[in-house]
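J.: Here's a structure for you.
Please treat every number below as a calculation from the coordinates, not as lab data. The structure displayed is predicted, hence computed values, not measured ones. Every residue, glycine as well, gets a Cβ built from its backbone with ideal geometry; the counts of neighbours run over all protein chains shown.
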Amino acid sequence: MFGDEVVALFGQLKALFDPDNRMNPGKVVSPNPRDHQLRLGPDYVHTEPRTHFSYPEDDGKFSHAALRCVGIGNCRNAVSDEQVMCPSYMVTREEEDSTRGRARLLFEMLRGDTITDGWRSTEVRDALDLCLSCKGCKSDCPVGVDMATYKAEFLSHHYQGRLRPMAHYSMGWLPLLSQVAVRIPGLVNAVTQSPAAPLLKKLGGIAAERSIPTFAPQSFVSTWKHRPAHSRPRRPGPRGPVVLWPDSFTNAFDPQIARAAVLVLEDAGFEVRVPTRPVCCGLTWVSTGQLATAKKVLRRTLDVLGDDIRAGLPVVGLEPSCTAMFRSDGVELLPGDEDMRRLSKQTRTLAELLTERAPDWQPPQLHVDALVQTHCHQHAIMGVDADTALMKGAGIDADRLASGCCGLAGNFGFEAGHYEVSRAAGERVLLPRVRAADEQTVVLADGFSCRTQIEQGDTGRTPVHLAELLASGLDGASRDQRGSARQPVTTSKET
Ligand code: SF4
Ligand code: SF4
C-alpha cells in the first residue's frame, strides 16, 4: 500500500521510539520472510492415529482436526450474547481451559516433541478434564473446532485397556443401569436418597454436593405399553405416524414430558409410535469416551428402529443432547451405515416436526412469559428457529437467556472435582436470572441437565419442557390425561 520509500520512513520513525526493536518485531517494518516461523515447516512430522470418529470435514484425519485452530482467540472473548463457547474458560480464565489451549495441546501431542506420550498424556487429559463437552466451539468457533468430539476420541484411547474413573462407569452406563432401576424405582430411590447416598456418590465418582436424581414411579415406556384404550385416539392421526424417541433421561426420570409430547403430537394429527424394546442413542458412552461401546449401542438401536426409519418416518427427540447425537455424532461414528444416515436425516425436535409437518396446526394459545434456557447441544446442532416460531405461535413471550451452557452438561457437572466449575458456569447468568424471575414466568428448559442444574441451583423453581407447556394448554379431553404431570404449569398471565 505505501511502497518501499514510505515504509522505510516508517522504520526510521519507529526506531526513534523503539530503538531496541521490541515492539511488534518482524511485522510491518522489516517483516520476516514469508517462509520463516511457519507453524508447520518442511520438517513437520506427526503421527496419524486410527480413530473412532470419521472427521468428514478433515479428510478423515484427526491430525487435520487438531490443526483447525487458527489461534485468534474468539474462545477467550465471547463475541456475542448468543455464544456458548467456552464455558470453562469463562470460569477459570486459564488458557489451558480455553478451546484454543486444548487445541494447542492436541497439536503438540500429535507432533510428539513436547508431549511425547501420545494418547497416554496426562497433560492433555488434564487440559480436557474441564471441557464440558458442550459443543459450543463446534458452532461458535469461526473454524469449527469440535472439542467435545476430540475429547471423546482422546478419552477412548487414553483409557484403552485401563481402569477408568468410576464416573465413567456410573454415568457412562446410566442408560443400562436405568433399565434395571425403572423396574424397581421405589427401592432404588430409597437407597440413593438414604443416609447411604454420600457413600454411593463416593463409590460412583459423583460430586458430594450433587443430589442423585430420583427415578419416576413408572417409566414412560411402561405407561405407554399399558396405555388404556380410552386414552388412545379413536382413529390414526391424518398426518401419519411418527416415532417418539424414548431417551433414557425422559423415560426414567421425567416421563411426564414424553406423555405431554404424545398429547401434543396427537392433537396436531400425528399417530405416535414408541419403540418398546430397550433403545439408547449412546450419548453417555460418547461423552465418557467409551466409543466402541457407543457404536455397539447405536447399531443395536438401528436394528430396533430399522423398519420405521427405512419407511421414512420422522423420529422426534425430546432431549436435545440425544437428538443432537442422532443428527451429528452418530453419522461420524458409523459413517458408512445407511440406516444411521437415514436416522440422522429424519430426526427432528418437537418444534421442528410441528413447524415443518404441521404448519397449519393451531397450537394452544397460552399467553405466558417464559424464561428459556437453550441446551448447548441444541444451540450447536439443531438451532432454535423452529422453537422460536412455535413459541410465538403459541403466545409464549420467550426471553431466551444469553447464558450459554448451564454448566451441568450431562455427566460433567456430576463428576467429582467438577462441581465448582459447573456451579460457577451456572451462576454466570442462568441461576441468578431464574432466581430473579417472577413466579408467573414459566422457566422453560428442554435439557435434562439444564433442568437439573436449575433445580439443584437453589432457585426454588421447577423448570418444564416445551412439550409440557404446550400440553398444559390443550383442550379438556387432553387435559384429563395430564394428571401425571410433575407439576402444574402456570400457563396464564392472569392466573
Ligand atoms: S479454538 Fe477457534 S475461536 Fe479459539 S482460538 Fe482457535 S480458531 Fe479461534
Ligand atoms: S466443548 Fe465447550 S467446554 Fe469444551 S472446549 Fe468447546 S466450548 Fe469449551
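J.: Which pairs, out of Lys225/Lys392; Lys138/Lys225; Lys138/Lys295; Lys27/Lys151; Lys151/Lys225, put more than 27 Å between their alpha-carbon atoms?
T.: Lys225/Lys392; Lys138/Lys225; Lys27/Lys151; Lys151/Lys225
J.: Subtract the Cα-Cα distance of Met23 and Thr276 from 0.36 nm times their separation in residues, and report this length gain in nm to one decimal.
T.: Contour length minus the Cα-Cα distance gives 84.3 nm.
J.: Take the Cα pairs of the chain, get the Kirkwood Rh, then feed it into Stokes-Einstein at 37 °C and 0.692 mPa s and tell me D in µm²/s.
T.: 135
J.: For the residues Glu455, Glu439, what sequence is obtained by ranking on other C-beta atoms within 10 Å, fewest first?
T.: Neighbour counts put them in this order, fewest first: Glu439, Glu455.
J.: Another question, if that's okay. Ordered by packing density, taken as the mean number of other Cβ atoms within 10 Å over each peptide's residues, highest first, how do 417-425, 228-236 rank?
T.: By packing density, highest mean first, the sequence is 417-425, 228-236.
J.: Counting Lys and Arg as +1 and Asp and Glu as -1, each charge on the Cβ, what is the dipole of the chain about the Cα centre in debye, to the nearest 20?
T.: Values: 57 positive and 60 negative charges, 318 e Å.
Its charge dipole is roughly 1520 debye.
J.: Sticking with this one: With a cut-off of 18 Å, note down the residues of the range 150-179 whose backbone N falls inside the zone around a label point 7 Å from the Cα of Glu94 toward its beta carbon.
T.: Taking a point 7 Å out along Cα→Cβ of Glu94, the residues of the range 150-179 whose backbone N falls under 18 Å are 151.
J.: What list of ³J(HN,Hα) values in whole Hz, one per residue of the range 135-147 in order, does the Karplus curve 6.51 cos²θ - 1.76 cosθ + 1.60 (θ = phi - 60°) give from phi, with Gly and Pro shown as x?
T.: For the range 135-147, the Karplus-derived couplings read 6, x, 5, 4, 9, 9, 5, x, 10, x, 4, 10, 5 Hz, x marking Gly and Pro.
J.: Where both residues lie in the chain, what percent of DSSP beta bridges are antiparallel, nearest 5?
T.: Roughly 5 percent of the DSSP beta bridges within the chain come out antiparallel.
J.: R0 = 51 Å: FRET efficiency of His367 with Val304, Cβ-based, nearest 0.05?
T.: 0.80
J.: Relative to the present Cα-Cα distance, how much length would full extension add between Val70 and Ser30 at 0.36 nm per residue of separation?
T.: 12.0 nm
J.: May I pose another question? Ranked highest first by the average count of other Cβ atoms within 10 Å around their residues, in what order do 195-203, 408-416, 385-393 fall?
T.: Ranking, from highest mean packing down: 408-416, 385-393, 195-203.
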